[in-house]
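A short worksheet on the structure shown next.
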Amino acid sequence: MMENLFDCLCSSLMLQPNRERFLKGEGLQLMNLMLRERKLSRGSALKVLDHAMTGAEGADNCNKFIDILGLRTVFPLFMKTPRGQKKKGPSEEEHEEHVCSVITSLLKNVTSTQRLRLLAKFTENDHAKVDRLMELHFKYLDKVRIVDNKIEGERQRLKADGSEIDESMENNFYLRRLDSGLFILQLIDYVMMEICASGAPSIKQRVLQILSLRGGSIKTIRNIMREYAGNVGDDKEPEVREVEQKRLLQLVDKF
């Protein structure tokens, strides 16, 4: 019953007027309180925040979230995924997707002093949050590589059988990759590029250091983000999509 209520709230937040009502009705404060109390509703509250803050329509909610000290709540959830969650709660992947999506929305929507406060979080405690971000990057990169290998095997079998791989099949392959971890990896790598471009120089130095230590590749991250830019905003107006794609490609060039 509780999960259904939260799902209904998430659906309602797809409409801009409802996001305004959510803001005025102190919905952010309520969700923030639920996150702090560490009860069963915590996972659902995080999901609601994700829906309330995503896209340009979520800018007011993003700014308000920082005003109510929401960064103190969301970053501990980013740093450590809750363990031993009940079957009805979100999975580990769902939790990490929502928390990374919230941070992505904040980076896209907040400006001025609030943006500086957000970026400063990644230099705290000897860049601990950058270390966590890179840990998540390699975790989901491994997941994507596994599904990519499976898909490549299917491609080879289809070619051997003389079958043509049409656009519908390509779309299906891409959706499978998204479901297997690519979507979360895109969020993670977006955050990585954004904080490297806008944050303190030491952030990028730490990212490059960890990539070198773990045998990572800048080229791989750039390719992930180029693919993200090529598929972003399919349901948006052409002008909005073009602006978003341009921003993503600018980050790629700076990285």
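Over the chain, with a Gaussian network built from C-alpha contacts below 10 Å, which listed residue (Ser44, Ser91, Ser163) shows the highest mean-square fluctuation?
Ser163
Out of the total accessible area of the chain (probe 1.4 Å, heavy atoms of protein only), what percent is carbon and sulfur?
Working: 6940 of 13750 Å².
Ligands and nucleic acids excluded, carbon and sulfur give 50 percent.
Taking the Cα centroid of segment 199-255 and of segment 164-178, what is the distance between the two, rounded to the nearest whole Å?
Centre-to-centre (Cα) distance: 23 Å.
Just the number please: accessible area per residue for segment 1-146, 1.4 Å probe, all protein chains included, in Å².
Details: 7400 Å² over 146 residues.
Ligands and nucleic acids excluded, the figure is 51 Å² per residue.
To the nearest 20 Debye, how big is the dipole of segment 24-125 about its Cα centre, given +1 on the beta carbon of each Lys and Arg and -1 on that of each Asp and Glu?
In total the dipole reaches around 400 debye.
Which order, highest average first, do 100-110, 8-18, 121-131 follow once you tally other Cβ atoms within 10 Å for each residue and take the mean per peptide?
Final packing ranking: 100-110, 121-131, 8-18.
For a quick protection proxy, order the peptides 219-229, 181-191, 149-159, 51-61 by their average other-Cβ count within 10 Å, most packed first.
On the way: 219-229: 17.1, 181-191: 23.5, 149-159: 12.2, 51-61: 21.0.
Output ranking for 219-229, 181-191, 149-159, 51-61: 181-191, 51-61, 219-229, 149-159.
As a quick test, which of the pairs Lys64/Lys246; Lys159/Lys246; Lys80/Lys219; Lys129/Lys150 have an alpha carbon distance above 30 angstrom in this structure?
Lys159/Lys246; Lys129/Lys150
Of the residues Pro90, Pro82, Pro238, which exhibits the maximal mean-square fluctuation in a Gaussian network model of the chain defined by a 10 Å Cα contact cut-off?
It is Pro238.
Can you give the FRET efficiency for Glu92 and Leu116, using 1/(1 + (r/R0)^6), R0 = 41 Å, r = Cβ-Cβ distance, to the nearest 0.05?
With R0 = 41 Å, the Cβ-Cβ based efficiency is 0.85.
The values are calculated or read from the model by the stated rules, or taken from the named source; none is laboratory data. Predicted model only: the values in this text are computed from it and were never measured. Quick reminder, even Gly has a Cβ in these numbers, built from the backbone with ideal geometry, and neighbours come from all protein chains shown. Each accessible area value is taken on the protein alone, full model and side chains, heavy atoms only, with ligands, DNA and RNA left out. Shrake-Rupley method; radii C 1.70, N 1.55, O 1.52, S 1.80 Å.
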